[in-house]
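What follows draws every value from the coordinates through simple rules; no lab data is involved. All figures in this text were calculated on a predicted structure; none of them were measured in a lab. All Cβ positions, glycine included, derive from the backbone under ideal geometry; neighbour counts span all protein chains shown.
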Ligand code: AMP
Ligand code: GLY
């Protein structure tokens, strides 16, 4: 079978890497891919949101399975167009994908399905929004309704901060149309958790849980990023908890979408907070997490391709066969100096050949340039993944890889998964 993975991050490199291990994969294409995927699969220079370009590619290469990586592909309607062209797609259509691309829609789905979530309200006018936030003393999370590259959430401590966040979005239009409506949630406390469910629109199969680290700096300081690292399984997260998330969150969400005529085929990502009063959903995503995918997929002993194909075809078996490694995985992201704000690219990346053999290197912002080798081309450049019999060993392996990577300005967090060692 010919497989097309859509996207260009380390998540997509991990998907390609895992698909290539399958005896079912005859050939793997990536659109557009990166410097790492080019070495193992066929990069095709079609952007992840180029609907007509991707349909043309899938037809020409007789693709048997397309896998949507980023939210931009989902939101552009790549899933709908490919399915219409007869290609089995792992990834939802645009309308079902609104569970990620509209926080107001996600809120409505959660309310209707009785999914545990923070108390929240949707607003388009600043006055009522400010008054609502004041009820919580300004301890709220103000969220742009639409996609805002992970920057559309402002967690507030005071009414002044909440007023400013509300005005930024509803008065000054800082996020453009994405912030024309906002959702405000009560602010909750607790560790976060990412749980992924593979679904064919009816059945839901949970994957191993993970925790990501969103802040740029050690000690959870600095600005929010797309994710600076992740590990799996997170300390204290039992299989009973994952089952609870499947039962109370993922399955009801898929069923509620189905009731609305939206068949969801792909992976549904629940971003949760473990509060003293139980699990609460902060957000849904319509795709694999990045960097969570880089630590989950290496722990999966089973073949990924039959799982993706059966979900894409709407034929997920009742009792899937997934077998997970007992080993822990830790992923450390090496980023460009300045990320998530301004950064320079085009630096030659050195040291990759000296990365220890037991460390997996998944590329994101890398590009091969003739005569130079690999150069940086994005904010998050690589995810270095270590596996080990416990989290500490996995963590040490990942760090031993990260320190080998050299380019001007390179930085990474040294405390990813350290919480599990302390615990
Ligand atoms: P989101 O993109 O909605 O997951 O929000 C990004 C980050 O903001 C989350 O990972 C949390 O760290 C934080 N956050 C979002 N919503 C809340 C909330 N209701 N209470 C506390 N923190 C939140
Ligand atoms: N790791 C967060 C995300 O993929 O959105």
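What translational D, rounded to a whole number of µm²/s, comes out for region 314-362 from Stokes-Einstein when the hydrodynamic radius is the Kirkwood one over Cα pairs, at 37 °C and 0.692 mPa s?
Approximately 211 µm²/s, per Stokes-Einstein.
Rounded to the nearest angstrom and ordered from largest down, what semi-axes does the equivalent ellipsoid of region 222-359 get from its C-alpha gyration tensor (root of 5λ)?
31, 20, 17
Dividing the alpha-carbon radius of gyration of region 202-303 by 2.2 N^0.38 Å (N being the number of residues), what value is obtained?
For region 202-303, the normalised Cα radius of gyration is 1.14.
Answer rounded, prolate or oblate for region 126-234, using the Cα gyration tensor with square roots of eigenvalues a ≥ b ≥ c: rounded when a/c is under 1.5, else prolate when a/b is larger than b/c, else oblate.
Because a/c hits 1.5 or more and a/b exceeds b/c, region 126-234 counts as prolate.
At a 10 angstrom cut-off on C-beta neighbours, averaged per residue, how do the peptides 232-244, 303-315 rank from highest to lowest?
Highest mean packing first, the order is 303-315, 232-244.
How large, in Å, is region 1-45 by the Kirkwood hydrodynamic radius built from its alpha-carbon pairs?
Evaluated on region 1-45, it is 9.9 Å.
Across 10 Å bins from 0, what is the distribution of all Cα-Cα pair distances for region 285-422, in whole percents?
12, 35, 30, 19, 4, 0
Arrange the following residues from fewest to most other Cβ atoms within 10 Å of their Cβ: 324, 17, 132.
Listing 324, 17, 132 from fewest to most nearby Cβ atoms yields 324, 132, 17.
Over the Cα atoms of region 148-192, what is the Rg over Rh ratio if Rh follows Kirkwood?
0.98
For the chain, I need the span (max minus min coordinate) of the C-alpha atoms along each principal axis, in Å, sorted largest to smallest.
That gives 58, 46, 41 Å along the principal axes, largest extent first.
Quick check: Cα centre of region 1-69 to Cα centre of region 298-356, how many Å?
14 Å
May I ask for the percentage of alpha-carbon pairs in region 1-103 that lie more than 24 Å from each other?
Counting every Cα pair in region 1-103, those more than 24 Å apart make up 14 percent.
Would you work out if region 371-423 is rounded, prolate or oblate? Take a ≥ b ≥ c from the square roots of the eigenvalues of the alpha-carbon gyration tensor; rounded if a/c is under 1.5, else prolate when a/b is larger than b/c, oblate otherwise. If you can, show how the numbers build up before the last one.
Numbers: a/c = 3.19, a/b = 2.25, b/c = 1.42.
It is prolate, given that a/c is not under 1.5 and a/b is the larger ratio.
So if I take the centroid of the Cα atoms in region 222-249 and the same for region 116-148, what is the distance between those two points in Å?
After rounding, the separation between the Cα centres reads 25 Å.
Indicate the gyration tensor shape class of region 220-270 (rounded, prolate or oblate), computed on the Cα atoms with a ≥ b ≥ c the square roots of the eigenvalues: a/c under 1.5 is rounded; otherwise a/b larger than b/c is prolate and the rest oblate. Mind dumping the intermediate values first?
On the way: a/c = 3.12, a/b = 1.56, b/c = 2.00.
Cα axes put region 220-270 in the oblate bin.
Consider all pairwise Cα distances in region 46-170 and report the whole-number % of them above 23 Å.
Of all Cα-Cα pairs in region 46-170, 46 percent lie more than 23 Å apart.
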